Amino acid sequence: MQTAQVDRAATTTHDDRTADRATGQPTISVRGLWKIFGPAEPKIAGSPLLELTNAEFRLRTGSTIAVRDVSFDVSPGEVFVVMGLSGSGKSTLVRCLTRLIEPTLGQVLLDGEDIRAADEQRLRELRRRRFAMVFQHFGLLPHRRVIDNIAFGLEIRGEPKASRLARADKMLSLVGLEGYGGQYPDQLSGGMQQRVGLARALAGDPEVMLFDEPFSALDPLIRREMQNEVLRLHHEVGKTMIFITHDLAEALKLGDHVVIMRNGQVVQAGSPQELVAHPADDYVADFVRDVPKSHVLTLRWIMRDAREDDPADGPEFGPDTVIRTVIHAAATSDKPIRVVEAGRLLGVVDRAHILEAIAGHLEPGQVEPGRVEEPGPTPAT
Amino acid sequence: MTAGTLALRGRRAVALSPRTTWLALGAMSVALYLVFRDQWILPHERDTAVFQAFNAARDNIDEVKRTVPPVSLVLDAIRGTTDWLYTTILGILVGLGWPAVIALSTFLGYAAGGWRTGLLALSGLGVLGALDLWDPSMKTLAVTLAAVLVSVAIGVPLGILVAKSNRARAVITPILDVLQIMPQYAYFIPFVVLFGIGAASAVIVTFVYSMPAAIRITALGIRGVPAASVEAAESLGSTAGQVLRKVELPLARKTIGLAVNQTIMLALSMVVITVVIDGPGLGENIIKAIQVLNVGAIFDAGLAIVIMAIILDRVTEQASLRLDSRSGAGRAGAARRRLPRRLVLGGLALASLGAIGLSAIAPTWAGTVPEEFASLTFREPVNDLVDWIQANLYFLTIGLKDAVTAGVISPIEKVLRSSPFWLVIAIGGAMAAMLSGLRAAVITVVALAGIVGLQLWDHSMVTLASVLVATAITLGIGALIGILAASSDAVSRAVRPFLDAAQTLPAFVYLLPALVLFSPSRFTAIVAAVIFAVPPVVRLVETGIRLVPETLIEAGRASGATRLQLLRKIQLPVARPALLLATNQGIIMVLGMVVLGGLVGGGALGFDVVSGFAQRRDFGLGLAAGISMVLLGIALDRISQGAGRRRLEDLGERAAKVQVHATP
């Protein structure tokens, strides 16, 4: 019997929180959010112009629709990724959440509180205590030491020097930068600078952390290291995170939920597996085409119902095990893999299923969790 | 990060914090002053060995000029060429006559900048004629054009050299640095010794004064050409000459156009002042009016200068923008309006030809503006206004003047004059060491000691007192407006026209409003200096704050910082280099104006220079005063330049670029 004890990021997917969402209150709830840049903004509410396509709208009004009727919920403690190419409105969207950019229409709720209704002081209070943001270009103050940069948010909200420096020191070691507190930002590498950015965001003990493409300015190796760092921190501190990226692999790796944006609109929302298995349209399909399915999908997505004649002594795995990690077991055992949850047999995965998944032969609509078509002749056992 | 800031950090690491060091320095200075007050002071003497030596030197040079043929030949050749250039240009302007000059200017204005600029040239020159200031205006224009011609002919190639060769840059940049902090006044004396007084000297001084701008901005333009473009040309096998001709010059065209524009503006600013070495033109009208305190007459001549400045600025600015748009986006728009534009251009060209024909037929009529037309003057209303101010507002203006003079200027002056000279030098050196590093401290001490050597310590302290007061006021006002303009687009838009206008006006003009309000005094010079130096300080502060990266502001806002916190904790600290640069520029400009204030009761060094020209036996005093000004300028510059000079210059260049882009 094999039990895979591997770190969560590499193997098991994040559990589906649909259930959570139905019962608990979402941390952030966005309803019908619009952002329009340009002269048309002030008088646009309820206007039929909002029905126009983006291009027509720009032609008619000289204004740009950056975010168009976006709605989503973010559950407590999850990593929520907004993914899109440049110009898709994702960065505007995340700034609308804390009103760094003032939304045009719609609602943003933080634990049920309407952020758009907050006055300036309340908004400042929210930014000081409930939100924290990590920026693409780090946004570190060049004239302050690393330690003072980390303590900046605490200083802004008026915490005494001794306590804020103590807290900043703790954050410094949390992000693995012990001993660098006295340096200046430009003495650090890009990856280290972003660790400082992370520490600054964590220092205020916020409820929600917003990441605006935090790693796109870093080179690929450092990027991967930082992604793992975020997962580790998420594991340790359990913050709700909203993560903006243009990198699909990053979105799939980090996200419990992923929203794909294009031209200011949400094209598709779902778990990474849903996106890969069921792209909502050609645009998303194009995106996920090159993603190795076996790295994202779990056994649940390719298993078939068990039959009487299936051998009962094949290797066993949980339904949320990523396909990739069972390849070895499938290769060394000539029996089909048994998908087991809480001692109950959910289904069976044949070696052919696995090979098909590795080959990427999972066209949209072909697979559903738990209901897989017969993958051709089953190898004799 | 530059070595300079690292050095700054290194200092932070030493045991004493900067604040403690400053406090200790301050306390020690006060103690030393109290103990040694009124000892080791150097009172002013009318005649000293140094002045006599200078007089003797001048006689020697005169002797050499007379008796050594190569020297006299060279000097005469230079003098003769410039004189010829000036008389030729003036001859053309006079020969064309006023109708043709106006018509041609309108034509040029329209060709460069469309109907607005054409109309500006037409009406502006019309007013010059109407003010009955046509002849002096043409003389001023002729000196300006002659000087600019030489400046550009020499300055642009030198600028290219500076951009291309590091060695040329290493040699030329320090010279430009010194030239830049020299007050306009200090330029005169050496050239008077070599070339005497008169139009030729005026042209030469103006050319020397305006050429640094041509060199600097040209170099900036060439260096601003994207490396990728040059690389592409080189990869195709271009020679250095081809790269220059086909890539760098075309791409830097707009910036070089701007260099010409700035050269002209600086030249005009200098031409007006050359009146003290007997330069021709509108300056004469102003100096005569100042001598009899006819403010109305000063106003007329001042207005004429302002009009000329604006016309020259707009026409050359539009022309340089045109250089750019011709190669790019401007084309489509130009094509649409081509036909009517050609018609107007043709009409204006015909009118110009007609006017030239008219001058040929009736040279006497075209030579002088008709009397009935030349009847505009603001003398009476302005003099009435001045009388009214003197009658009704004097309790205010005099009150302010007396209060500031008695409460601030005199006490500072008294402290400086009663301090032991070595204490002042030591404090200057210590401040330079704290703010700008050891090298700057050495230069400061040497420069100040040089003033002692020139035996003009006392007058320098008087001038320094005025400079300090004016600088404090300038920085206070400038920083306030700059911060407001940086935080509000509305304020920025509102002050921009004033800043633009202020940049085009010759320094001399600033004496005028100060004179109207306060009549000749030390305070008047200070007011003029403040009016003169505030605009660039505002501009630098605003640019510096606006250049603070958006991410930093956003990071602050996202952390929940208030506007005040943003300003105090992010914008001002990050903009520190710009603020230092603003201080530095402010001081240098204030010094230039305070010594110019010698003409309006500023006294001290400025007045010494004026007397140097007025009486032959005071020449030595004037020369020593001129050198003292430069030394004082160098010391003030080094003290305030701050650490990391390079970074400041980068910022200056960035600010210049921002300005270039901000003038569509």
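The values are calculated or read from the model by the stated rules, or taken from the named source; none is laboratory data. Fair warning: this is a prediction, and the values are worked out from it, not measured in the lab. With ideal geometry, Cβ positions are generated from the backbone for all residues, glycine too; neighbour counts draw on all protein chains shown. Protein only, heavy atoms only, side chains kept; ligands, DNA and RNA dropped before computing areas. Shrake-Rupley method; radii C 1.70, N 1.55, O 1.52, S 1.80 Å.
Can you confirm whether region B:14-28 contains a residue that is assigned to a helix (DSSP H, G or I) and at pLDDT below 85? Among the residues of region B:14-28, at least one is assigned to a helix (DSSP H, G or I) and at pLDDT below 85, which makes the answer yes.
Residue-wise test of (1) loosely packed, with under 15 Cβ neighbours inside 10 Å; (2) closer than 30 Å to B:ILE307 by Cα; (3) at pLDDT below 85.
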site	(1), (2), (3)
B:TRP40	yes, no, yes
B:ARG58	no, no, yes
B:VAL68	yes, no, yes
B:TRP84	yes, yes, no
B:ILE89	no, yes, no
B:LEU93	no, yes, no
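Screening B:LEU484, B:LEU468, B:LEU448, B:LEU480 for residues that are more than 30 Å from B:ILE389 (Cα to Cα), open to solvent by 50 Å² or more (accessible area, probe 1.4 Å), in a helix (DSSP H, G or I) and at pLDDT 90 or above leaves exactly one candidate, B:LEU484.
Selection of first residues in region B:227-253 that are in the same structural domain as B:ALA163 (by TED's automatic domain parsing) and of second residues that are among the hydroxyl-bearing types (Ser, Thr, Tyr) and at pLDDT below 85, restricted to Cβ pairs under 6 Å at least 6 apart or on distinct chains, gives the following pairs, ordered by first then second residue: B:VAL247/B:SER229.
One line per residue, one yes/no per condition, for (1) outside the structural domain of B:PHE518 (by TED's automatic domain parsing); (2) assigned to a helix (DSSP H, G or I); (3) farther than 22 Å from B:ALA297 by Cα; (4) polar (S, T, N, Q):
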site	(1), (2), (3), (4)
B:SER359	yes, yes, yes, yes
B:THR364	yes, yes, yes, yes
B:VAL369	yes, no, no, no
B:ALA391	no, yes, no, no
B:TYR394	no, yes, no, no
B:ILE398	no, yes, yes, no
B:ASP402	no, yes, yes, no
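The residues on offer are A:SER163, A:SER173, and the sole one that is within 27 Å of the chain's Cα centre (by Cα) and more than 11 Å from chain B (Cβ to nearest Cβ) is A:SER173.
Residues that are more than 9 Å from chain B (Cβ to nearest Cβ), touching a Pro at 6+ places or on another chain (Cβ under 9 Å) and open to solvent by less than 10 Å² (accessible area, probe 1.4 Å) within region A:122-153 comprise A:VAL134, A:VAL146, A:ASN149, listed in sequence order.
Inspect all residues belonging to region B:571-579 and state whether any of them is at negative phi, within 14 Å of chain A (Cβ to nearest Cβ), open to solvent by less than 20 Å² (accessible area, probe 1.4 Å) and of a type in the set (A, V, I, L, M). Yes; the residues of region B:571-579 include at least one that is at negative phi, within 14 Å of chain A (Cβ to nearest Cβ), open to solvent by less than 20 Å² (accessible area, probe 1.4 Å) and of a type in the set (A, V, I, L, M). The condition of being at pLDDT 90 or above, in contact with a helix residue (DSSP H, G or I) (Cβ under 6 Å, 6 or more places away or on another chain), more than 16 Å from B:ALA502 (Cα to Cα) and more than 14 Å from chain A (Cβ to nearest Cβ) holds for B:ILE526.
Considering region B:533-570, the residues that are surrounded by fewer than 20 Cβ atoms within 10 Å (Cβ to Cβ) and among the hydroxyl-bearing types (Ser, Thr, Tyr) include one that is farthest from the other protein chains (Cβ to nearest Cβ), namely B:THR562. Given the structure, is B:ALA153 open to solvent by 20 Å² or more (accessible area, probe 1.4 Å) and of a type in the set (Gly, Ala, Ser)? Yes, satisfied.
For region B:79-101, a tally of residues being touching a residue at least 24 places away in the same chain (Cβ under 8 Å) and within 25 Å of B:LEU350 (Cα to Cα) returns 11.
Being of a type outside the set (A, V, I, L, M) and buried (at least 16 other Cβ atoms within 10 Å of the Cβ), is that true of even one residue in region B:387-399? Within region B:387-399 (the criterion being of a type outside the set (A, V, I, L, M) and buried (at least 16 other Cβ atoms within 10 Å of the Cβ)), the answer is yes, since at least one residue qualifies.
Determine if region B:207-215 includes at least one residue that is open to solvent by 10 Å² or more (accessible area, probe 1.4 Å) and at positive phi. No: zero hits. Number of residues in region A:21-51 that are open to solvent by 90 Å² or more (accessible area, probe 1.4 Å) and among the β-branched types (Val, Ile, Thr): the value is 1.
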